[in-house]
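Quick one: structure below, then a few questions.
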Amino acid sequence: MNFRSLLATAAFLAAAQPALAAPIEHKATGLSASSADAGMQITALTDSIIRVRVAQGGKFPEDASWAVPAAVRHQSVNVTQSADGFRTRALDVHLDPQLGLTVNDLQGRTIVADAANPLSFAGRGFMLRKKLPIDQRIYGMGDKTGGMDRRGAAFVDWNTDFFGFAPWSDPIYKSIPFYIGVASDGYAYGLFLDNSWRSNFDFGHRDADAIELSAPDGPIDYYVIAGPTVADVVRNYQTLTGRAPLPPQWALGYQQSRWGYSSDKEVRAIASRLRSDQIPADVIWMDIDYQEKNRPFTVNKTIFPDLKKLNTDLNAEGVRLVAITDLHVAYLPKQGYAPFDTGEAGNHFVRKADGSLYVAPVWPGPAVFPDFTRAATRSWWGGLYNDFVADGFAGFWNDMNEPAVFETPTKTMPVDNLHRIDSDDFAPRDATHSEIHNVFGMQNTRGTYEGMLKLRPNVRPFVMTRATYAGGQRYAVTWTGDNSSTWDHLRLCVQQSLNLGLSGFTYTGCDVGGFVGGASPDLLTRWYEIAAFTPVFRNHAANDAPHAEPWVDGPEHLAIRRKFIEERYRLMPYLYAVAEQNSRTGDPVMRPVFYDYPDALKFDCDSALTFTVGGKLLVAAPPRPESPKDYKVCLPSGGWYDYWTGQPVTETKFTAPNRLDYVPLYVRAGTILPRQPLTQSTMIKPTGALLLDVYPGQDCRGEIYLDDGISIKGDSLRQTVTCSVTPRGVALNFGARTGKFRPWWKQIAVTVHGAAPAQITIADHPKAGEVLIAAK
Ligand code: MIG
């Protein structure tokens, strides 16, 4: 039965049905209720997060989750009961006789309400319908393509290896079944449907006035996350699914990659070229080429004779190596290939419906697939990294983990393959691939991340993944997969990064220049300029694409690209402080302007390539950089400065020139931006003073955060600096420093920007106190 006929039936039933099967049963922390064909439990996890679980045919789904840890799922607060629902300290929850749910705030404003036929079933499948008010925009949903606002579109969550995906292709690599509804005044809520099956999200595509969530099977288990701001929702979504840990600082440096760096010599040559061309860089990536016949955890010794030496030598130049390690283990029984033999011995591989080993072609040829939903398998997998960790690799890249399978039209394994769940608070049981598919990549990275932690307990793991599920931000950073070298993909990159950030994945990047096809010189240059402000800044290209390293288009293009890479390194203290803030609050590093300034929701500028880094630094790249036309920039009210000139910007809407070597950047009035002298790598200590750029304005402040950049437990240094404009000049107030980490600077060079700029250099200021920068 399809959902259209089902809806017709449901409408009939709804009309014919009298009321709840029994009165609402009030509980200390929520309620339960039932209709003729369903039971429902609503629990207040916190005052602004409620969890809704539905029992189809009277049976509640297993209370378990890959996304929301048990301790979080089981937390609750007491509520006050009302006739048809309950209240928390922030929400007023009502249930109607069709189990239709309305969540209001305490002022009576509706946060989210069910639409007609709120709940219907088809076999084991279900559909939920929510109202889509006329002024609501929809964000989130991870890496989904299309526009920034998901309204009017419909999506499928089914992790898919999609080489050469178009800017509107769906589904692609990730499944993050979480969206944020935002009214035009910025009032926001979130909804997270914790169901790993092949689910559907329709935001007013089929029915213009409704959001329809459906899945063919699996739990009806969802969370309503109240705002009122987008930031509240994004933070609370991460209260549920976890925050990304602070990555190693080098992960914020420039990263050079290419499928096809095929020898020790070639990797060294890339490193020396980066250094001789004075292109700051922290990482070189090694794709599948280093392996023996594409077999994971092997090394082709002919082309890479000594990986330990390679790591050591490059480290000495401030360059770290990240290696790819795909999950598909080569099927090589009894040939001395340990990943297969130990995996087979431990019964770690996925089986077919008939119980036999599932073998299918991927890069190594016939391959087997670790059963990552078993804790024992993840821990075995993590141990496979032992030798590479001993060789000194800084991090690892988990590709192909949708999982991708060759020579099959579905691009993945049969959905009736059998996984075993033996993990967390799930009941140990067999599960079909239909259920596991969307969490497979996430559990792959969990194994890698936890393996790293075991092998190097005090070093922040760095894992990059292509496929993932909600909550996967706890284990890995991500990138947007096999994008193409087109202007539309450059725009798409910003949209995907912003929405991934709103979906908990702040550490995201796109292959700079595009993976497929080869960028024109102008496109590659523009891509560098914009990606310099995205969280993960990695140039990567396919083995059959033209080379895309920064130098490939000659000195003029290189000069522009280098300038933007350098600016990122100068901004490193700010970027790192924003990253550290993200690890505590969940606020994304890269944000839509409306995240901090809701008036941006009403702008009429094309802002496809406009965003902020940490809310204070606004990037306003031309939305159509391929066009010679100039364009309009809209700035939120409240005051900005031009980053390049330091001068205040007096207008909130103005024309910006569209020049290849220029991206307008603005700093929020009231910001103290920490910066540092240029270095060629985050491994190199800067020489000179810490730079504090002061942009006077309301609530003027800045944060200094520093640590050794790699340790999990270790000293840090934290200091807040505020500023105020006084008749005697600008007063900087240094808060007391917390933490004992010794900074690299002995002096602080302060620049006060504005109509009459002023500069002074002062001694480092570890203690609380005021410094006056006299007006000229
Ligand atoms: O089937 O490892 O998205 O970044 O260079 C292609 C080779 C496999 C896909 C990744 C891409 C990587 C490539 N991989």
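If you scan segment 162-187, which residues turn out to be among the polar types (S, T, N, Q), away from the ligand (no atom under 16 Å from the Cβ) and surrounded by fewer than 20 Cβ atoms within 10 Å (Cβ to Cβ)?
Across segment 162-187, the qualifying residue is only S184.
Quick grid of which residues meet (1) in the same structural domain as I180 (by TED's automatic domain parsing); (2) within 25 Å of Y469 (Cβ to Cβ); (3) crowded, with 21+ Cβ neighbours inside 10 Å:
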site: N78; (1), (2), (3): yes, no, no
site: F86; (1), (2), (3): yes, no, yes
site: A90; (1), (2), (3): yes, no, no
site: V93; (1), (2), (3): yes, no, yes
site: Q107; (1), (2), (3): yes, no, no
site: L128; (1), (2), (3): yes, yes, yes
site: R150; (1), (2), (3): no, yes, yes
site: A153; (1), (2), (3): no, yes, no
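Now for a different question. Looking at (1) under 20 Å from the mean Cα position of the chain (by Cα); (2) more than 16 Å from the ligand (Cβ to nearest atom), which is the only condition G514 fails?
All conditions are met except number (2).
Report, by residue number, each residue of segment 579-606 that is within 16 Å of T671 (Cα to Cα) and touching an Asp or Glu at 6+ places or on another chain (Cβ under 8 Å).
Q581
On the basis of being within 16 Å of the ligand (Cβ to nearest atom) and touching a strand residue (DSSP E or B) at 6+ places or on another chain (Cβ under 6 Å), does A531 make the cut?
For A531, the condition - within 16 Å of the ligand (Cβ to nearest atom) and touching a strand residue (DSSP E or B) at 6+ places or on another chain (Cβ under 6 Å) - is met.
If you check T671 against the conditions, is it within 27 Å of C634 (Cα to Cα), of a type in the set (S, T, Y) and touching a residue at least 24 places away in the same chain (Cβ under 8 Å)?
Here the answer is yes, as T671 does meet what is asked.
Is it the case that V477 is in the same structural domain as V536 (by TED's automatic domain parsing), under 13 Å from the mean Cα position of the chain (by Cα) and within 16 Å of the ligand (Cβ to nearest atom)?
Taking the combined requirement at face value, the residue satisfies it.
While we're here: In segment 55-76, which residue that is touching a Pro at 6+ places or on another chain (Cβ under 8 Å) and under 13 Å from M40 (Cβ atoms) is surrounded by the fewest Cβ atoms within 10 Å (Cβ to Cβ)?
Within segment 55-76, the match that is surrounded by the fewest Cβ atoms within 10 Å (Cβ to Cβ) is P61.
While we're here: Give the number of residues within segment 609-645 that are surrounded by fewer than 20 Cβ atoms within 10 Å (Cβ to Cβ) and touching a Pro at 6+ places or on another chain (Cβ under 6 Å).
Qualifying residue count, segment 609-645: 1.
Sticking with this one: Would you be able to say whether some residue in segment 561-581 is touching a Gly at 6+ places or on another chain (Cβ under 7 Å) and within 16 Å of the ligand (Cβ to nearest atom)?
no
Could you go through segment 260-280 and let me know if any residue there is out of contact with any helix residue (DSSP H, G or I) (no Cβ under 8 Å at 6 or more places or on another chain), within 16 Å of the ligand (Cβ to nearest atom) and not hydrophobic (A, V, I, L, M, F, W, C).
yes
Name every residue in segment 646-659 that is closer than 22 Å to E556 by Cα and loosely packed, with under 15 Cβ neighbours inside 10 Å, in order of residue number.
Result: P657, R659.
Ok, one more. For residues that are under 17 Å from the mean Cα position of the chain (by Cα) and in a loop (DSSP other than H, G, I, E, B), scanning just segment 134-145, find the one that is farthest from the ligand (Cβ to nearest atom).
Among those that are under 17 Å from the mean Cα position of the chain (by Cα) and in a loop (DSSP other than H, G, I, E, B), it is M141.
I'd like the residue in segment 281-295 that is within 14 Å of the ligand (Cβ to nearest atom) and acidic (D, E) and, out of all such residues, is nearest to L327 (Cα to Cα).
Within segment 281-295, the match that is nearest to L327 (Cα to Cα) is D287.
In segment 410-431, what count of residues is obtained for those that are out of contact with any Phe, Trp or Tyr (no Cβ under 7 Å at 6 or more places or on another chain) and within 16 Å of the ligand (Cβ to nearest atom)?
So the answer is 3.
When both residues are 6+ apart or on different chains and their Cβ atoms are under 6 Å apart, which pairs have a first residue that lies in segment 490-512 and is farther than 27 Å from T239 by Cβ, and a second that is part of a strand (DSSP E or B)?
V512/N539
Among (1) crowded, with 23+ Cβ neighbours inside 10 Å; (2) of a type in the set (A, V, I, L, M, F, W, C); (3) within 16 Å of the ligand (Cβ to nearest atom), where does I436 come up short?
(3)
Could you tell me whether segment 296-314 includes any residue that is within 27 Å of N483 (Cα to Cα) and within 16 Å of the ligand (Cβ to nearest atom)?
Yes, that holds for at least one residue.
Sticking with this one: Looking only at segment 233-284, filter to residues that are more than 20 Å from the chain's Cα centre (by Cα) and aromatic (F, W, Y); which one of those is nearest to N582 (Cα to Cα)?
Applying the filter and picking the extreme gives W259.
For the list (1) part of a loop (DSSP other than H, G, I, E, B); (2) under 30 Å from N458 (Cα atoms), I need the number of the one condition that T720 fails.
Checking T720 against (1) part of a loop (DSSP other than H, G, I, E, B); (2) under 30 Å from N458 (Cα atoms), the one that fails is (1).
Name the single residue, out of those in segment 381-408 being among the aromatic types (F, W, Y) and touching a residue at least 60 places away in the same chain (Cβ under 8 Å), that is surrounded by the most Cβ atoms within 10 Å (Cβ to Cβ).
Among them, the one singled out is W381.
Here is a further query. Would you please name the residue that is nearest to the ligand (Cβ to nearest atom), looking only at residues in segment 324-353 that are touching a strand residue (DSSP E or B) at 6+ places or on another chain (Cβ under 9 Å) and of a type in the set (D, E, K, R)?
D326
Inside segment 70-124, counting only strands (runs of 3 or more DSSP E) that do not spill past its ends, which hold 3 or more residues that are touching a residue at least 12 places away in the same chain (Cβ under 8 Å) and over 20 Å from A21 (Cα atoms)?
101-105, 110-122
The values are calculated or read from the model by the stated rules, or taken from the named source; none is laboratory data. Quick caveat, the model's predicted, so the values are computed rather than measured. Ideal geometry is used to build each Cβ from the backbone, glycine not excepted, and the neighbour counts take in all protein chains shown.
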